[in-house]
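Only one structure is covered here, and it is reproduced in the block below.
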Amino acid sequence: MAAAISVTPLVPYNRKRRPSAVKLRCYNGVEEDRKQWEKFYKRHQNKFFKDRHYLEKDWGHYFCHPKAGCGAGNTIFPLAKKYPQLYIHACDFSHHAVTLVKSHPNFRKDQINVFVCNIAEENLCDHIMPASVDIVTLVFTLSAVSPEKMPIIIQNLGLVLKPNGHVLFRDYAIGDYAQTMLMNKNQVISENFYFRGDGTCSYYFSEDFLSRLFERAGFVVVDVNTYNKEIINRARNITMQRRWIRAVFRRP
Ligand SMILES: C[S@@+](CC[C@H](N)C(=O)[O-])C[C@H]1O[C@@H](n2cnc3c(N)ncnc32)[C@H](O)[C@@H]1O
């Protein structure tokens, strides 16, 4: 799968830095993203992300119906445990991530259909029946994608959702501490889109941008809100203002 797009880096001019200190990186497309995530999972295995037990608190009432989607493990296993009647389709473009899901002690073949799929370039209907899914979870996944590819992904998800099915979305919000750090280090690819030190990318969403993205793909905005948490790291003597966005969209 060849890299299809290339985004010109928009690196803001910073008087305090000598040009040699400015880090420039062109966005090299989805295949490069996949390689970086393969490296990420090879290095961290399943130790980096914590299980997302908070999803049940916010969205528990959506899981009364079977079937959900997406994830490399930390979203699906807490949900699978809490709602044993769920049938889950889960995919990732990293082979490592999929292997980690399959080797998880709570993996059950009869409950979880996990497969490798690049949702920016492959049709999800090759793996899942069209219009058969009640809920899609999109948890810290869209931020890993270039903004140019986001509309294709949302359309792709829409194809497998039943009418009146929901997308449950959670991700990084604009103004997050990590965004400020990436901006200060000049790790900008384009507006609100950055590369991290480990080579993976990260987009920071505003409520407006996110709502428009889903509305243009024909979804209805059910709920969108940004929430903050102040996190104090005493060892490093820093206070971090973390910001996340959570939203629910409905396919009419
Ligand atoms: C921050 S992780 C979140 C994983 C999971 N949703 C969770 O809750 O922990 C982002 C994931 O998105 C995957 N990803 C990024 N772009 C993708 C694409 N185009 N197709 C499929 N997976 C992708 C990465 O491999 C990575 O596992």
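The values are calculated or read from the model by the stated rules, or taken from the named source; none is laboratory data. Remember, it's a predicted structure, so these values are computed and weren't measured experimentally. Cβ atoms come from the backbone with ideal geometry, glycine included; neighbour counts cover every protein chain shown. Side chains included, ligands, DNA and RNA excluded: accessible areas come from the protein's heavy atoms. Shrake-Rupley method; radii C 1.70, N 1.55, O 1.52, S 1.80 Å.
Pairs needed: first member in segment 37-64, near the ligand (Cβ under 9 Å from one of its atoms); second member anywhere, open to solvent by 80 Å² or more (accessible area, probe 1.4 Å); C-beta distance under 8 Å; at least 6 residues apart or different chains.
Glu38/His95; Phe40/Phe48
Between residues in segment 113-128 that are polar (S, T, N, Q) and residues that are within 12 Å of the ligand (Cβ to nearest atom), which pairs lie under 6 Å by C-beta distance while being six or more apart or on different chains?
Pairs that qualify, where the first residue is polar (S, T, N, Q) and the partner is within 12 Å of the ligand (Cβ to nearest atom), are Asn118/Phe93.
Out of the residues in segment 116-163 meeting the condition of being of a type in the set (Val, Ile, Thr) and open to solvent by less than 10 Å² (accessible area, probe 1.4 Å), tell me which one is nearest to the chain's Cα centre (by Cα).
Among those that are of a type in the set (Val, Ile, Thr) and open to solvent by less than 10 Å² (accessible area, probe 1.4 Å), it is Thr137.
So Val136 fits all but one of (1) over 26 Å from Gln241 (Cβ atoms); (2) out of contact with any His (no Cβ under 8 Å at 6 or more places or on another chain); what number is the exception?
Single failed check for Val136: (2).
Among the residues of segment 200-211, which ones are over 13 Å from Ser143 (Cα atoms) and surrounded by 15 or more Cβ atoms within 10 Å (Cβ to Cβ)? Step through it out loud before you land on a result.
Taking segment 200-211 first, the residues over 13 Å from Ser143 (Cα atoms) are 207-208, 211.
Of everything in segment 200-211, those that are over 13 Å from Ser143 (Cα atoms) and surrounded by 15 or more Cβ atoms within 10 Å (Cβ to Cβ) turn out to be Glu207, Ser211.
Please verify whether segment 20-30 includes one or more residues that are more than 12 Å from the ligand (Cβ to nearest atom), modelled with pLDDT under 85, open to solvent by 80 Å² or more (accessible area, probe 1.4 Å) and over 21 Å from Ser202 (Cα atoms).
yes
Please count how many residues of segment 214-246 are crowded, with 17+ Cβ neighbours inside 10 Å and within 19 Å of Val160 (Cα to Cα).
3
Kindly indicate whether Ser143 is among the polar types (S, T, N, Q) and out of contact with any helix residue (DSSP H, G or I) (no Cβ under 6 Å at 6 or more places or on another chain).
yes
Being hydroxyl-bearing (Ser, Thr, Tyr), touching a strand residue (DSSP E or B) at 6+ places or on another chain (Cβ under 8 Å) and more than 25 Å from Tyr227 (Cβ to Cβ): is that true of Ser143 here?
Numbers: hydroxyl-bearing (Ser, Thr, Tyr): yes; touching a strand residue (DSSP E or B) at 6+ places or on another chain (Cβ under 8 Å): yes; more than 25 Å from Tyr227 (Cβ to Cβ): no.
No, not satisfied.
Looking only at segment 174-187, decide whether some residue is buried (at least 21 other Cβ atoms within 10 Å of the Cβ) and within 14 Å of the ligand (Cβ to nearest atom).
yes
For segment 180-230, which positions are within 23 Å of Cys26 (Cβ to Cβ), part of a strand (DSSP E or B) and β-branched (Val, Ile, Thr)?
Of everything in segment 180-230, those that are within 23 Å of Cys26 (Cβ to Cβ), part of a strand (DSSP E or B) and β-branched (Val, Ile, Thr) turn out to be Val188, Ile189.
Just checking, how many residues over segment 76-112 are under 26 Å from Thr200 (Cα atoms), touching a residue at least 12 places away in the same chain (Cβ under 8 Å) and either open to solvent by 70 Å² or more (accessible area, probe 1.4 Å) or among the hydroxyl-bearing types (Ser, Thr, Tyr) (or both)?
Within segment 76-112, residues that are under 26 Å from Thr200 (Cα atoms), touching a residue at least 12 places away in the same chain (Cβ under 8 Å) and either open to solvent by 70 Å² or more (accessible area, probe 1.4 Å) or among the hydroxyl-bearing types (Ser, Thr, Tyr) (or both) number 3.
Only residues that are free of Cβ contacts under 8 Å to residues at least 24 places away in the same chain and more than 29 Å from Gly60 (Cα to Cα): list them for segment 184-217, please.
Answer for segment 184-217, where residues must be free of Cβ contacts under 8 Å to residues at least 24 places away in the same chain and more than 29 Å from Gly60 (Cα to Cα): Asn184, Tyr194, Arg196, Gly197.
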